[in-house]
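*Asks:* Let me give you the structure first, and then I'll get to my questions.
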Amino acid sequence: MYEIRFHGRGGQGAVMAAQTIAEAAILEGKQAQAFPFFGAERRGAPVMAFARIDDKRICDRTQVSEPDMLVVMDESLLEIEPVASGLKEGGCAVINSRLEPSEVDLGTVTRCVSVDATSIALEMLRAPIVNTSILGAMARANDFVSLGSIQQAIMNRFGEKLGEKAGRLNAEAAKAAFERSREGLCKGERKVQKKNAWLPTWQETPPGVALPRTSKAGMAVGPGSMTQNLTGSWGVSFPVYDEERCIKCQRCWFICPEGCIRRSPNDDLEFDLRYCKGCGLCAKVCPKDAISMRRKEASA
C-alpha cells in the first residue's frame, strides 16, 4: 500500500489534491481512498489530507501517520507543524518551494522533490491555488501513478466543477510542475516541531463539560449544544446507574460528550436523559461496571 499525507493551508486545495490523486489511481485500475482532516476550517489555517493507493481492497480508514510520500504545499508550515513526523525510511517529500532540494531543511534527510508551485499557479491559473501543480511534482517524485492519469483526473474533476478550459489549464499546470521539479536530498538540521498535547488526568476539569448551562445574548452556552435541543431522543439506548457499585471516580462525568452527567455537592451522579444520546462512553470507562446501557423500548 502506498500512503500519502498532504500538509497545506485552507484555500490551497489539499483536499482536492488528495481526491484527484486517488481518482488518477482508479483510472489505472488501482484501489484508492482520499479523505481530509480539518482543524479550524478557515482560509489560511493548517489542514491535512490523506490518500492511500493499493492493488487490492483498502480496509484501513485511519489517518496516515507513517506516509510513503509527504506533500508540503506551503513551506511556512515547516516552522509550525511537525510535517516530517512519521515519514517512512526510504520515503520521499514533495515541497512547494523556490529552494533547491539540498537547501530545504525538513528536519530529516530524505529524498526530496522541490517545485515552485506557487509561481506556476500564478502564471498559469492567475491564483495561488497550488494543488494541481503539486500533483505534477508528485508524478516526478514517484511513478506510482503516471502523469497522464493525473492530467486526466484533473480534467475530469476540475472540468466538471469549473469548465473544460479550467480543467485543461490545471492539467497543463501539472505538466509544467513535472518538468520544472528538482530532485535531490533535503537537509535534516531543523528540529522537528512537536505540538503541545493536552493530556489531562481524570481529576482535571475539561473545558465545556464542567460548565453550567447559562444563557447569554439569546444563546445557550455550555455542553450539550442548545438547552432547547433535546438530543436524548436521538439514541437507541440509555445508561442505567448503580449507585452502590459507584466509587465516585467521576470518569463518566469527564468523558460525557454532551455534559449529561451532573455532580451533586456530595459527588453523587445524576444523568440527564433529556440530552443523553446513548453513546455508551460512560459505561465503557467505568472501572466498576456501575453503568450499563439498556435498549430503549419502542414507543407505542
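The values are calculated or read from the model by the stated rules, or taken from the named source; none is laboratory data. In this text, all values refer to a predicted model and were calculated from it rather than measured experimentally. As a convention, Cβ positions derive from the backbone with ideal geometry for all residues, glycine included, and neighbour counts pool all protein chains shown.
*Asks:* So, in segment 239-252, exactly how many residues are under 23 Å from Lys296 (Cα atoms) and in contact with a helix residue (DSSP H, G or I) (Cβ under 8 Å, 6 or more places away or on another chain)?
*Replies:* Here the count works out to 2.
*Asks:* Residues that are modelled with pLDDT of 75 or more: find the strands (runs of 3 or more DSSP E) completely inside segment 178-292 holding 1 or more of those. Before you say what the answer is, go through the steps one by one.
*Replies:* Values: elements: 182-185, 214-216, 219-221, 237-241, 261-263, 269-271.
Of the strands (runs of 3 or more DSSP E) lying wholly inside segment 178-292, those with at least 1 residues that are modelled with pLDDT of 75 or more span 182-185, 237-241, 261-263, 269-271.
*Asks:* Spot the failing condition for Gly163; the list is (1) in contact with a strand residue (DSSP E or B) (Cβ under 6 Å, 6 or more places away or on another chain); (2) at positive phi, and only one is missed.
*Replies:* Among (1) in contact with a strand residue (DSSP E or B) (Cβ under 6 Å, 6 or more places away or on another chain); (2) at positive phi, Gly163 violates only (1).
*Asks:* What number of residues in segment 94-107 are under 19 Å from Val130 (Cα atoms), touching a helix residue (DSSP H, G or I) at 6+ places or on another chain (Cβ under 8 Å) and not in a loop (DSSP other than H, G, I, E, B)?
*Replies:* Looking only at that region, the number is 3.
*Asks:* Considering only residues that are out of contact with any helix residue (DSSP H, G or I) (no Cβ under 9 Å at 6 or more places or on another chain) and surrounded by fewer than 18 Cβ atoms within 10 Å (Cβ to Cβ), which ones fall in segment 272-290?
*Replies:* Result: Gly280, Lys288.
*Asks:* Considering only residues that are at pLDDT 95 or above and among the hydrophobic types (A, V, I, L, M, F, W, C), look in segment 1-16 and name the one that is surrounded by the most Cβ atoms within 10 Å (Cβ to Cβ).
*Replies:* Phe6
*Asks:* Right, another one. Which of the residues belonging to segment 6-61 are assigned to a strand (DSSP E or B) and either out of contact with any helix residue (DSSP H, G or I) (no Cβ under 9 Å at 6 or more places or on another chain) or not assigned by TED's automatic domain parsing to the domain that holds Gly91 (or both)?
*Replies:* Residue satisfying the conditions is Phe37 alone.
*Asks:* Working carefully through the options Cys286, Cys256, find the one that is of a type in the set (A, V, I, L, M, F, W, C) and within 13 Å of Glu243 (Cβ to Cβ).
*Replies:* Unique residue meeting the criteria: Cys286.
*Asks:* Among the residues of segment 166-173, are any modelled with pLDDT under 90 and under 18 Å from Ala18 (Cβ atoms)?
*Replies:* no
*Asks:* Which residues, counting only those in segment 255-271, are under 14 Å from Ile291 (Cα atoms) and surrounded by 17 or more Cβ atoms within 10 Å (Cβ to Cβ)?
*Replies:* Ile255, Cys256, Cys260, Ile261, Leu269, Phe271
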